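The values are calculated or read from the model by the stated rules, or taken from the named source; none is laboratory data. The structure displayed is predicted, hence computed values, not measured ones. All Cβ positions, even for glycine, are placed from backbone atoms using ideal geometry, and neighbour counts span all protein chains on display. Ligands, DNA and RNA are stripped out before the accessible areas are found, and what is left, the full protein with its side chains, is counted by its heavy atoms. Shrake-Rupley method; radii C 1.70, N 1.55, O 1.52, S 1.80 Å.
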Amino acid sequence: MTRALSADDLLAGAQAMHRVALPAALLPEGAAPGHVVLRPLSAAQVQRVAQAARDERLLASVLMVREALVEPKLALDQVQSLSAGLLQFLLAEVNRISGLTVADADLEQAIKAPLTRACFVLAREFGWTPADCSALTVGQILLYLEMLARDERPAQLPLPAAARRSA
């Protein structure tokens, strides 16, 4: 039987250090093999990065790597000067150790889930957003799917959730 974890146990994960070997192909020619030390990002750091970078995906990547890189510590302009391949590798490692990635098998399972597929069809057919689809009950989803299967359309297309809120 497992024991209940304490708050300290849970918070310690954010302080864990991970030694990550860099692939030789990403290092300058003739450079000796080496490693960096990364630590996982906390929820607060991810939120700050998201707010700071808003619509700039590359800036978000740079900020995430800078926050997670313990050794060597680099300034923002130094992280921005890394090769794109090295930055991408480090970002993938930061995401992995921070628990921000989805395993391929889990992603495949989520894509194939009946409810996911149903929401995709409804979004495509009615022009709804994911938020609109998530506001539907399972009964409503089944009703609209049945109507589509019968090639029937509602006389008046239901308003998406965003439109209902502003009306």
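For the range 83-106, which residues satisfy the criterion of being more than 18 Å from residue 59 (Cβ to Cβ) and either open to solvent by 70 Å² or more (accessible area, probe 1.4 Å) or modelled with pLDDT under 85 (or both)?
96, 97, 99, 101, 102, 103, 104, 105, 106
For the range 130-158: of the residues being of a type in the set (Ser, Thr, Tyr) and modelled with pLDDT of 80 or more, which is least open to solvent (accessible area, probe 1.4 Å)? Please lay out each step first, then the result.
Of the residues in the range 130-158, the ones of a type in the set (Ser, Thr, Tyr) are 134, 137, 144.
Next cut, modelled with pLDDT of 80 or more only: 137, 144.
Values: 137: 76, 144: 32 Å².
Ranking the qualifying residues of the range 130-158, first place goes to 144.
In the list 78, 88, which residue meets the criterion of being out of contact with any strand residue (DSSP E or B) (no Cβ under 8 Å at 6 or more places or on another chain), within 18 Å of residue 23 (Cα to Cα) and not aliphatic (A, V, I, L, M)? Don't jump to the end; show me each part of the working.
Working: 78 fails: within 18 Å of residue 23 (Cα to Cα).
On inspection, the qualifying residue turns out to be 88.
To keep it simple, each residue is scored yes or no on (1) surrounded by 10 or more Cβ atoms within 10 Å (Cβ to Cβ); (2) in a helix (DSSP H, G or I).
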| position | (1), (2) |
| --- | --- |
| 11 | yes, yes |
| 14 | yes, yes |
| 20 | yes, no |
| 29 | no, no |
| 61 | yes, yes |
| 64 | yes, yes |
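At pLDDT below 85 and open to solvent by 30 Å² or more (accessible area, probe 1.4 Å), is that true of residue 80? If you could, list the steps in order and put the result at the bottom.
Numbers: at pLDDT below 85: no; open to solvent by 30 Å² or more (accessible area, probe 1.4 Å): yes.
So residue 80 does not fit the description; no.
Conditions first: (1) among the aliphatic types (A, V, I, L, M); (2) open to solvent by 70 Å² or more (accessible area, probe 1.4 Å); (3) part of a loop (DSSP other than H, G, I, E, B). Residue 41 passes all but one, so which condition is the exception?
In the conditions (1) among the aliphatic types (A, V, I, L, M); (2) open to solvent by 70 Å² or more (accessible area, probe 1.4 Å); (3) part of a loop (DSSP other than H, G, I, E, B), residue 41 misses (2) alone.
Report whether or not residue 54 is basic (Lys, Arg) and either surrounded by 14 or more Cβ atoms within 10 Å (Cβ to Cβ) or on the phi < 0 side of the Ramachandran plot (or both).
Details: basic (Lys, Arg): yes; either surrounded by 14 or more Cβ atoms within 10 Å (Cβ to Cβ) or on the phi < 0 side of the Ramachandran plot (or both): no.
Here the answer is no, as residue 54 does not meet what is asked.
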